[in-house]
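First up is the structure itself, then whatever we jot down about it.
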Amino acid sequence: MLTPRARRKYGPFMRFVALSWLLCLALGATAGFTSSASAEEDIYSMPERSESPAVSDNVRRGRRARDAGRWAEAQADYKAAFEATDPASSTERERAEIAGELGLCELALKLYRDAAEHLAWSLDQRNVLPLQLQLRFEAGQRNAAPHVATLYLSVEPPDAEVLIDGKPISTPARTYRLFLEPGQHMVRARLAGHEEAFASFDAQAGKPTTISLQVPRAGTQAAVPAKDAATVTREPKRSARGAQAPTVASSSTASKLHIAGAVLAGAIMVAGGGFLMWSAYTQDELHDGATALRGADKEANRCARPDAPRACSELRDLQEKRDLLRQVGWVSLATGGAIGALTLVSLFVDRASPPSDGVRIVPTAGGRSAGLMMVGTW
């Protein structure tokens, strides 16, 4: 506790220190609030740093429309800004943010395919995005994914032009990740001096499809669509002589016929074995009946006489039944064996025989139409 003399001596100095300390605290709080507000603004709105007035104006309008819940208007403004971006006049982060905000607007409008495409494009540049924006865009991508089909496509050679339902996509690349509406689609790859490769597939929402296309040089073996994670219908391929190979549909039919032949052969042979077992059982009955009859009648030729007992007639019926069952059994075994042998031979012949000419019918589907495409040699 200060004495009156000390209070008079040090009082003004202490008041100055206290006022300075309070002033520093006020300035620090103001700076912190301003910094926090600036960070929040940077996270949830587009910084207007583009040198292009068209981009800046569209982003400004899109942000206001988004904050007001006018999603259609916001989507149109962000789309115009995204299309106006240019690497020469805008930064990579700016383009990534515009694409992400555009994807969120499209998600709100239930334009799931466009939303998935723009959000994925934005997240491909995630290294330039703030963490909060990455989390927002990733959440939007997860919400859009169950409503669209994803196609993972690889093309060889990589400079071939790729078309989906007749429409070219982006610039040539070796691999593609494409977002499609669920349904039937046709992918084609073409290149000058090469034969065209194509595949029809059924895209399912929330499920990936993987296709590999090889575009061969003219006169060589044609493109072979690769195995698909969902359901891919492989298209005809050409051999060196230009003949078309069977489609997956015809191959599947042949496999079903082979399986049916094997099952039929097995069933007939099992039935034949049953008939033979039945005939053996009948033979035992016949033997027991004949033994009992000989024990009751000492005359061995009693059954050949006109007054033969009724047991003789029953024995004759059993003998005919035994012979018939035995005959049917052996015939069934022979028939089943023949069908099995023919099925086996057909299987080897189908695998070894060269592809034959013919006409293939391939389902096609577009954004507004669907139909069948006939491919082959008449």
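Condition first: more than 27 Å from GLU94 (Cβ to Cβ) and loosely packed, with under 15 Cβ neighbours inside 10 Å. Now tell me which residues in the range 129-155 satisfy that. Across the range 129-155, the qualifying residue is only PRO146. Among the residues of the range 294-309, not a single one is modelled with pLDDT of 70 or more and farther than 30 Å from PHE201 by Cβ. The strands (runs of 3 or more DSSP E) located wholly in the range 92-206 include none with 1 or more residues which are closer than 23 Å to ARG61 by Cβ.
Exactly one residue among SER170, SER154 is modelled with pLDDT of 90 or more and either in contact with an Asp or Glu (Cβ under 6 Å, 6 or more places away or on another chain) or hydroxyl-bearing (Ser, Thr, Tyr) (or both), and that residue is SER154.
Among residues of the range 84-113 that are within 23 Å of GLY69 (Cβ to Cβ) and in the same structural domain as ALA72 (by TED's automatic domain parsing), those with a beta-carbon under 7 Å from a residue that is in a helix (DSSP H, G or I) and of a type in the set (Ser, Thr, Tyr) at least six positions away or on a different chain give the pairs ILE98/TYR78; ALA99/SER122; GLY100/SER122; GLU101/TYR78; LEU102/TYR78; GLY103/SER122; CYS105/TYR78. Candidates are the residues of the range 107-128 that are buried (at least 21 other Cβ atoms within 10 Å of the Cβ) and touching a Phe, Trp or Tyr at 6+ places or on another chain (Cβ under 8 Å); the one that is farthest from ALA72 (Cα to Cα) is SER122.
Results for (1) out of contact with any Pro (no Cβ under 8 Å at 6 or more places or on another chain); (2) closer than 16 Å to PRO208 by Cα, shown as yes or no for each residue.
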{"residue": "ASN127", "(1), (2)": "yes, no"}
{"residue": "VAL148", "(1), (2)": "no, yes"}
{"residue": "ILE169", "(1), (2)": "yes, no"}
{"residue": "ARG177", "(1), (2)": "yes, yes"}
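The set of residues in the range 261-290 being over 60 Å from the mean Cα position of the chain (by Cα) and modelled with pLDDT of 75 or more consists of GLN283, ASP284, GLU285, HIS287, ASP288. Applying the set (1) modelled with pLDDT of 90 or more; (2) not assigned by TED's automatic domain parsing to the domain that holds ALA99 to GLY140 leaves exactly one unmet item: (2).
The values are calculated or read from the model by the stated rules, or taken from the named source; none is laboratory data. Keep in mind it's a predicted model, so treat the numbers as computed, not measured. Note that each Cβ is placed from the backbone with ideal geometry, even for glycine, and that neighbours are counted across all protein chains shown.
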